[in-house]
Each structure stands twice: as structure tokens, then as C-alpha cells.
Amino acid sequence: MKMRDWVKLEQQYFMDTGHRRLGVTIVRGAGAKVWDEMGREYLDFIAGWAACSLGHSHPVILNALKEQAERLILASNDVYTIPQIELAELLASVSGLDKVFLCNSGAEANEGAVKLARKYGKRHLNGAYGVISTFRAFHGRTLAMVAATGKPEHQAPFTPLPEGFSHVPYDDAEALRAAVSDKTCAVLLEPIQGEGGVHVPGDRYLKDVRQLCDERGLLLILDEVQTGCGRTGTLWGYEQSGIKPDIMTLGKGLGGGVPIASILVRDRAACFGPGDHGSTFGGNALCCAVATAVFRHILEKDLSGNAAAVGSYFNERLLALQEKWTIVKAVRGRGLLLAVELSGPIALQVVKACRALGLLINPLPPQTIRFMPPLIIGREDVDQAVAILDAALEQVVSLS
Ligand SMILES: *Cc1c(COP(=O)(O)O)cnc(C)c1O
């Protein structure tokens, strides 16, 4: 059979939004491995941008998909459907939050969280509507989330943006305190900034932010789209700081690869009423059944514990690479959300060298690379990835 030129067809028909920086066409996956159309194998440490928490085509996901698809894929939110109620019960019971809304993407979950905070501001904070987020943050690509995201280059082409968003430096509770006004209704933060370069704040930061929010009556919205569902070594990123948010958003790893996201909220802030918010596909039976199966599996197999143990081993191995190669400037992250910062704008070059050697990793150009492997990996996968990264660094050093 004649192979079609997928790269050429993509350029002809697809809007030019994906960089396709790795330049391969992936046709199949199993566990932590994927294969391209030539049959070449790669260790996948991008894992659908941290969404494929159980790896590719896990039997738990396949069984839930098949069973639920045979029964019911989608009804409407004019009726009750059991999978969404079961998922809401599960999420509420393990998060310590009270009420759940289900949607389809991280950006959509954050949009809903901001709507909720604004309604709360109208009711309880004299009409305050302002949301303070942080520079270098990432909250998604819708217009309001582009406004919330602290990156000028994501904003400039799309002005005017929705009003009411302001930014302060991350990991600086005093700057946040100074930015709060009587127009502020909420603070929106990632427990660890993911897309912005995997920045872990100091131990006191989230505690100080929580305290400030309590003093001023503000809602604390934690965007756990990337850090949630076991990724950082605990079920939720915030657990490690001993606080609780008022609103938490989930996405990515929640569905193990199927599109589903969620807003979780404490009772006192759960002020949506009938007609305030909705989604045609949000809470569909198919994705909810998969998410419930994925989540139960994460709990049963303690995959957050695995992320902590294997992540700490991975971290040590990356620190050893930092000892060996002066172009490795810093190692950051927690659990299985890790990054290496390089000493120059060579992230893309290193990523491409790794790809040629059989490892897929995520460039955050100019000089950071990020690792988000499935939560199911073991030390042998880390050893293989580190050996490839080591060889790639050697190539890049010898070329420079
Ligand atoms: C990926 C991400 C989003 C956006 O999620 P989408 O599903 O792409 O809309 C929002 N917040 C954080 C922290 C993310 O990592």
C-alpha cells in the first residue's frame, strides 16, 4: 500500500496552530510506548501533555469505553445520567470539596470557575469581579483564559480581551497582597506552574495565599488541570502545602486521554443556579465512565505513590546529568512533572536529538524541556529515558 504524505496533507488542510515540533506521525500506543507510521518505537514522556495518565490504550480504559458505549454515549443534561453522578460522587469524596460540574477541557473548566467567582462576588463581595493570576501562568486558550494567562505573546493578537484580570509575580505572596483591591473576588493559581516552565513555589507560598484569601474574603481557585490526579506525587498538588482551595479545576489526566474536565467547589461558593452554566458534551456518559474507571485505578494502584517514588528517582537521575553536563543548568519539579533547564536556547535541538534516539519529550523553548510520562512507568523506563537524554546532550555538546 502506498504511504500518504501526512506532513504535506497537514500543511495543505490544517490550520497552522500545532508546531508539530517533534515531526513524527504517531499511529499507535501501548503503555508508555508509541509507534510512528514507519513502525519506529518511542518512549512517550509527553503522554498527550500529561493527559494519558495510565499510558496508552490501558485495558481499564478500553473496557470502560466498550461497556459504556454499548449502553449509552450521550443523553442530555435535561435528564439524569448515572455515570456523571457516580463520577461527581467519587471526585467529591476524595477531594474534600463538595460540588462538581463536568465539562470538556481545562480552559472550559477555568472559564466556569471564573464565572462562579464573579457570581460569588456579586452576591457576597459588593459586586467585586477582579481575578488576580500570575505571570508565566497558563490557564488555557479561550479569550478569558488568554486574559488570565500571564503571557503577552499569547494576548497581543487577540485584543481587546475580557476585562477584570490582573497579574502578579508567582511565588510572591506580598505582591499578591499589594494587588488585592475591593474589586477583587478571586485568586487563580497553579500549585506548580506547568506550561510556564515547571516552577515549584516555596513551602509557605500557598499557605500565605490561603491566609490572604481568608482575611479578605476572596475565593482561592487552584488550577490543577496539570498537577491534579496524581501527577505530582499526591492526588492533588495542593495537598503538599496543607491547604484547601475554594474551587479546583481538573482536566488532562482526569480522563486518561478522553476529553473531560471538571470544576470542584466548596458548598459556600457553589452559587450556580439553574441556567447559569452548561455544556452539551459536558458530563457525557462515555467520558464520565472512563474517568471514573481511570480514577478508581489511580486510587487502587496508588499511582500517585508511584509518581512520587519513580519521580524522585527520575529527579535524582536528572541531577546526576546536571553534574555531568554543564549545559544542564537546573532540574525542577515534583512527582512525574519534571523539567530540565538548559544553559542556552537549545531545548528544541535536544528534544529533536531525543526523538531521533527514541524518546518523546516536550520542549518549552527557548531553554526548558518538560517530562510528563504516564503515571504507570517504572524505574527501567526512567533509566531508558535518561540514557537517551544523556546521549542527546552528548550530541548537542559535541556539535557546539
Ligand atoms: C493544559 C492546561 C490548561 C488548558 O487545558 P485545555 O484542556 O488545553 O483547555 C489549563 N490550565 C493548566 C494548568 C494546563 O496545564
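Some observations on this one:
- The stretch 228-266 - residue that is out of contact with any strand residue (DSSP E or B) (no Cβ under 8 Å at 6 or more places or on another chain) and in a strand (DSSP E or B) and, of those, farthest from Val60 (Cα to Cα): Val258
- Check on Ser400, more than 14 Å from Val198 (Cα to Cα), in contact with a Lys or Arg (Cβ under 9 Å, 6 or more places away or on another chain), surrounded by fewer than 20 Cβ atoms within 10 Å (Cβ to Cβ) and hydroxyl-bearing (Ser, Thr, Tyr): no
- Any chance Pro365 is within 22 Å of the chain's Cα centre (by Cα) and modelled with pLDDT under 95: yes
- A count restricted to the stretch 270-289 and to residues that are surrounded by fewer than 24 Cβ atoms within 10 Å (Cβ to Cβ) and of a type in the set (S, T, N, Q) stands at 2.
- Any hit, the stretch 290-303, residues being buried (at least 24 other Cβ atoms within 10 Å of the Cβ) and closer than 18 Å to Phe45 by Cβ: yes
- Test: Ala270 is within 13 Å of the ligand (Cβ to nearest atom) and assigned by TED's automatic domain parsing to the domain that holds Leu206: no
- Restricting Tyr42, Tyr13 to residues that are surrounded by 13 or more Cβ atoms within 10 Å (Cβ to Cβ) and outside the structural domain of Thr249 (by TED's automatic domain parsing) narrows the list to Tyr42.
- Restricting attention to the stretch 205-238, the residues that are free of Cβ contacts under 8 Å to residues at least 40 places away in the same chain and within 12 Å of the ligand (Cβ to nearest atom) add up to 3.
- Any hit, the stretch 157-177, residues being crowded, with 24+ Cβ neighbours inside 10 Å, on the phi > 0 side of the Ramachandran plot and within 16 Å of the ligand (Cβ to nearest atom): no
- Residue within the stretch 211-220 that is farther than 13 Å from Leu91 by Cβ, in a helix (DSSP H, G or I) and of a type in the set (A, V, I, L, M) present: yes
- Selection count, the stretch 142-154, where residues are farther than 17 Å from Ser166 by Cβ and either of a type in the set (Ser, Thr, Tyr) or part of a loop (DSSP other than H, G, I, E, B) (or both): 1
- Flag for Gly140 being touching a residue at least 12 places away in the same chain (Cβ under 8 Å) and in contact with an Asp or Glu (Cβ under 9 Å, 6 or more places away or on another chain): yes
- Among residues of the stretch 181-204, those that are surrounded by fewer than 21 Cβ atoms within 10 Å (Cβ to Cβ) and away from the ligand (no atom under 16 Å from the Cβ), counted: 6
- Total residues in the stretch 1-42 satisfying the condition of being closer than 24 Å to Gly196 by Cα and in contact (Cβ under 8 Å) with a residue 60 or more places away in the chain: the figure is 3.
- Residues that are without any contact (Cβ under 8 Å) to a residue 40 or more places away in the chain and crowded, with 17+ Cβ neighbours inside 10 Å, drawn from the stretch 73-94: Ala88
- Yes/no for Gly253 being closer than 19 Å to Pro83 by Cβ and either surrounded by 23 or more Cβ atoms within 10 Å (Cβ to Cβ) or assigned by TED's automatic domain parsing to the domain that holds Tyr80 (or both): yes
- Listed by position, the helices (runs of 4 or more DSSP H) enclosed by the stretch 51-141 that each have at least 3 residues that are within 16 Å of the ligand (Cβ to nearest atom), under 24 Å from Pro374 (Cα atoms) and not basic (Lys, Arg) are 106-124.
The values are calculated or read from the model by the stated rules, or taken from the named source; none is laboratory data. It should be emphasised that the depicted structure is a prediction, and the values quoted were computed from it without experimental measurement. Neighbour counts are summed over all protein chains in view; Cβ atoms, including those assigned to glycine, are modelled from backbone coordinates with ideal geometry.
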